[in-house]
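For reference, the structure discussed in these notes is given below.
The values are calculated or read from the model by the stated rules, or taken from the named source; none is laboratory data. Fair warning: this is a prediction, and the values are worked out from it, not measured in the lab. Methodologically, a virtual Cβ is constructed for each residue, glycine included, from the backbone with ideal geometry; neighbour enumeration extends over all protein chains shown. These accessible areas exclude ligands, DNA and RNA; they are computed on the full protein's heavy atoms, side chains included. Shrake-Rupley method; radii C 1.70, N 1.55, O 1.52, S 1.80 Å.
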Amino acid sequence: WYDAGDFDIQTRSQFATIQDLSLAYQEFGLKWDELTVDWKARAVEMHRPDGIPDTLQQVKHGVLQVMAQIKAVGHTFPVVEEPTLRQYTHLGDGASKTDGRLYSEKLGPNEVNGNYSGVPDDRWAFTTKSAGMQYGSVATLAAAAPVLKGFDDALAQDCLDTAIRIWNDEHANPTPAPSRQGGFPGMGAVEEWNAAVQLLIATKGGEPYKKRVLELFPTVVQRFGFGGWSAVRALPYMHAAFKQQLEAVVKTYVAQL
């Protein structure tokens with residue numbers, strides 16, 4: 001999904017959209033089908049059902065972008081951006097923003113040589129690695145895995161395996177994080193918390209994630225509105241004492257609101 005009006009690919013927006021669609025599909029059973037998607041032909045047609053819930057296709061669409069980044073450089077990165085002001089301000093069909101060839105500075109403006117051209121339209125990928133992006137990747141892929149299961153089993157398993165691998169890597173070799181991640185103190189803990197909750201659900205109660213949920217809960221409740229609410233989704237895998245703690249936090253939060 002692009003940023004509004006300018007065709008950026010903001011990876012955190014991909015994370016949020018995939019997780020929201022996955023949650024909506026699980027909670028509300030979104031089986032609406034008004035879209036045809038042909039992955040091989042790279043074609044989409046609206047108002048033409050193809051027998052597959054649109055939400056599943058949208059989740060897969062987003063996951064393919066996230067997984068492509070990881071396979072390309074080993075991790076997700078913040079943004080894929082236009083290289084020139086002319087391309088940035090271009091309005092119209094996104095497909096017309098590129099000639100589909102790699103840019104070569106050795107060629108003239110309209111010159112083409114095989115897969116190369118002189119049109120400087122190749123996007124820039126800012127590949128900064130951060131703890132927040134790592135945990136965002138984990139949460140997103142773990143959220144998508146249960147939804148994709150039964151629709152694209154191979155991709156679902158790849159999502160879960162990749163999420164677990166990144167989680168393990170990040171705990172073994174933590175990526176340095178700024179003191180004020182995401183512009184708010186404590187947001188780093190919220191991002192890891194979200195990853196832990198999503199993995200807890202995807203693994204149906206995996207002990208490492210349950211343990212981390214318990215460890216992070218006291219910090220996350222201080223920013224309850226930013227992510228602590230998702231503790232309710234962890235309840236089926238937690239003990240009774242955790243539910244009592246959550247009830248007390250919710251009562252306090254309601255009073256604050």
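All told, Val220 falls short of being at pLDDT below 95, open to solvent by 50 Å² or more (accessible area, probe 1.4 Å) and not aromatic (Phe, Trp, Tyr). Screening Tyr116, Tyr103, Tyr88 for residues that are of a type in the set (Ser, Thr, Tyr), in contact with a Lys or Arg (Cβ under 8 Å, 6 or more places away or on another chain) and open to solvent by 80 Å² or more (accessible area, probe 1.4 Å) leaves exactly one candidate, Tyr116. Within the bounds of the range 48-63, is there any residue that is part of a strand (DSSP E or B) and surrounded by 13 or more Cβ atoms within 10 Å (Cβ to Cβ)? Scanning the range 48-63 turns up no residue that is part of a strand (DSSP E or B) and surrounded by 13 or more Cβ atoms within 10 Å (Cβ to Cβ). Search the range 105-127 for residues being touching a strand residue (DSSP E or B) at 6+ places or on another chain (Cβ under 9 Å) and among the polar types (S, T, N, Q), and hand back the single one that is modelled with the lowest pLDDT. Among residues in the range 105-127 that are touching a strand residue (DSSP E or B) at 6+ places or on another chain (Cβ under 9 Å) and among the polar types (S, T, N, Q), the one modelled with the lowest pLDDT is Asn110. State the number of residues belonging to the range 145-180 that are among the hydrophobic types (A, V, I, L, M, F, W, C), without any contact (Cβ under 8 Å) to a residue 24 or more places away in the chain and surrounded by fewer than 18 Cβ atoms within 10 Å (Cβ to Cβ). Qualifying residue count, the range 145-180: 2. Here is a check on your reading of the model: is Phe15 in a loop (DSSP other than H, G, I, E, B) and surrounded by 17 or more Cβ atoms within 10 Å (Cβ to Cβ)? So Phe15 does not fit the description; no.
Any chance the range 193-208 includes a residue that's on the phi > 0 side of the Ramachandran plot, more than 15 Å from the chain's Cα centre (by Cα) and among the basic types (Lys, Arg)? Taking every residue of the range 193-208 in turn, at least one turns out to be on the phi > 0 side of the Ramachandran plot, more than 15 Å from the chain's Cα centre (by Cα) and among the basic types (Lys, Arg). The residue list Ala131, Ala142, Ala72, Ala95 contains one member that is open to solvent by 50 Å² or more (accessible area, probe 1.4 Å) and closer than 21 Å to Phe15 by Cβ, which is Ala72. If the condition is being under 16 Å from Glu215 (Cα atoms) and open to solvent by less than 70 Å² (accessible area, probe 1.4 Å), then the range 231-253 contributes Ala231, Ala234, Leu235, Tyr237, Met238, Ala241, Phe242, Leu246, Val249.
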